[in-house]
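*Asks:* Here it is, the structure in full.
The values are calculated or read from the model by the stated rules, or taken from the named source; none is laboratory data. Predicted model, so just to flag it, every value in this text is computed and none were measured. FYI the Cβ positions are ideal-geometry reconstructions off the backbone, even for glycines, and counts take in every protein chain you see. Surface accessibility is based on the protein's heavy atoms, side chains included, excluding ligands, DNA and RNA. Shrake-Rupley method; radii C 1.70, N 1.55, O 1.52, S 1.80 Å.
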Amino acid sequence: MAESKLTKVEQGQTKIRNVPIAVTPEGFWCCPSPNVFQKSLKTQNPLNKPKSHTATTQNPAHKKPTSVAEKRPANAAPKWGTVSDEKRGVSSDTPTVTASVPAERTPRSKTENVPRKVSIEFGEPGTSDLRVILLGKQGFTVKLNVHKNILVENSSFFANKISEQQPVFPCIEIDDCEDVEIYVETIGLMYSKELKQRLIKQSVSRVLRIIKVSEQLGFRSCMQSCLEYLEAVPWVGEEEEEKVVSSVLRLQSEGIGVTPVLKRVSSDISKPHKDTFSHILDLVLKSNEERGRREMKSVVLKLLRENNSLPSSSGSVDSYNEIIYGSCRSCLDSILILFKQAAEPDCNEPVVKQMVLEADNLSWMLEILTDRQAADEFAVMWGSQQELASLHTKLPIVSRHHVSCITARLFVGIGRGELLPSKDTRNLLLQTWLQPLINDYSWLQHGCRSFDRKVVEEGIGRTILTLPLEEQQSILLSWLGSFLKAGDNCPNLQRAFEVWWRRTFVRPYAESGNSRPLDHAMTPKVTEH
């Protein structure tokens, strides 16, 4: 373990802190821990501020490096030491002692707001033939004594800069470097023979910072090792995935093999997405395991809702709806056959279970179509099921009430304006399915946890009130007879009844084309002056 000195230069005082640097057999230095850089930056705050114990991570943004020349004698020995300076661009003539030096405390200067200059130096000038100076924010400087042959071999940026420089001991300066820590680590990685091993146990965010600096320095082998790391390591969360994909896409112009990483989020298979969706839908509809089925129905519904909000999904809406309606027709055919079997005296339990399953499938697909604003055709299909409705009374209520849940959901959707079927379709729905719903109403209230009586009654009433007045009257008078007999076991449509009453008796509208009310008691008088 070697050490480097961290020198803080300020008005009237100097503090020296040793920073540990691990040196491997290959000559690779291990960059000081992030806390070293972060704490060093924190110390540059005004002296009257309290000492900070935490620091934020360096921003990985960089600017393109620039270079200047500086002369210094060269030496070839591969020995690593450390040295520190008080001013940028001036180095010590003697190697730095690696032993720990106790911090010297001096009285604070009266000038409280003078910023401190922090300088860290890696390597020994006597054994290097190139100096790289990283200029960070607020006077933070890192000086690297390195070897030209290593940097030329690994970095196209350094190779170009060094070829342009004539002095014996050139100096390359990188101005306004915001991610000094990663620059030091990336240059240090040029001394490593096993780059991929050095990245193990690193976080994805840190590797993304390394790959960005490697791109700026033209360090292709490091970029490739980072890509291999990203291809193998899990990405946690959507935000991290987006950062990885955007960083990798940026490397496409570099001629680096980014395809293995991008295959995690894109596919080369020519099979259409609608085929995959059809397969998923079919798996869910045929599942008999209650918990897995319930959870996957919820997941698929949620993901389809997310797709609906994406502008790019407009092209696949029709094809997905077509697949859903195909499954709806298949379920309707199955449920009609099952109703016929259930109406027989020797009906067995598996038939009832399958009938309940098919009704649940229809309810789920109706919910999907409603979310996609494409349920009008379902209302037409359901309203035309007179044979199914005629079989309804022949089955026990415990097995048939799931079908009435579909009817209730359609009325709620029409009442909310979620689907807009034609007048004939709305009338057909009420004529075909309102009475079966009334027959099951008591069971739905007490045996179905998801049933909301007030919402359903409001939906039925609003659906009735969308019809012509004569049809409203026919349906509501039929309901009145059922309500007077069943009471709470029948939907309470009193609000709809009151609206119909007022439309009929209180303020009727003229048929002669006069659209104003004929109730003169409600008409304001106008006095001419």
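*Asks:* Per residue of the stretch 213-221, what does 6.51 cos²θ - 1.76 cosθ + 1.60 with θ = phi - 60° give for ³J(HN,Hα)? Whole Hz please, x for Gly and Pro, Karplus curve as stated.
*Replies:* 5, 4, 5, 5, 8, x, 8, 5, 5
*Asks:* Would you rank W443, W364 by solvent-accessible area, highest first, keeping every protein chain in place and using a 1.4 Å probe?
*Replies:* The residues order as W443, W364, largest area first.
*Asks:* Apply the Karplus parameterisation 6.51 cos²θ - 1.76 cosθ + 1.60, with θ equal to phi minus 60°, to every residue of the stretch 485-494 and state each ³J(HN,Hα) to the nearest whole Hz, in sequence, with x for glycine and proline.
*Replies:* Working through the residues one at a time gives 8, 9, x, 5, 7, 10, x, 8, 10, 4 Hz.
*Asks:* I would also like to ask the following. Cβ under 10 Å from I182's Cβ, I182 left aside: what net charge do those residues give with Lys, Arg +1 and Asp, Glu -1?
*Replies:* Taking every Cβ under 10 Å from that of I182, the sum is -1.
*Asks:* If you average the C-alpha positions of the stretch 446-493 and of the stretch 337-386 separately, how far apart do those two centres end up, in angstrom?
*Replies:* When both Cα centres are located, 22 Å separates them.
*Asks:* Let me test this: with uniform point scatterers at the alpha carbons of the stretch 199-257, what is the Debye-based log₁₀ I(q)/I(0) at q = 0.25, 0.28, 0.29 1/Å?
*Replies:* Result of the Debye calculation: -1.07, -1.32, -1.41.
*Asks:* Working only with C-alpha atoms, what are the Rg and Dmax values of the stretch 171-239, expressed in angstrom?
*Replies:* Cα radius of gyration and Dmax of the stretch 171-239 are 12.4, 42 Å respectively.
*Asks:* Further, regarding this structure: What is the set of long-range amide H partners of L130 at a cut-off below 5 Å, with H atoms built 1.01 Å from backbone N?
*Replies:* Here the answer is V146, K148, since their amide H atoms fall under 5 Å of that of L130.
*Asks:* Here's another thing I want to ask about it. State, as an integer percentage, the relative contact order of the stretch 371-446 based on alpha-carbon contacts under 8 Å between residues 6 or more apart.
*Replies:* 51
*Asks:* Still on this structure: From the mean inverse distance of alpha carbon pairs (Kirkwood) and the Cα radius of gyration, derive Rg over Rh for the stretch 371-453.
*Replies:* Answer for the stretch 371-453: 0.96.
*Asks:* Between beta-carbons, use under 14 Å as the cut-off and find the net charge around P491, counting Lys and Arg +1, Asp and Glu -1.
*Replies:* It works out to a net charge of 0.
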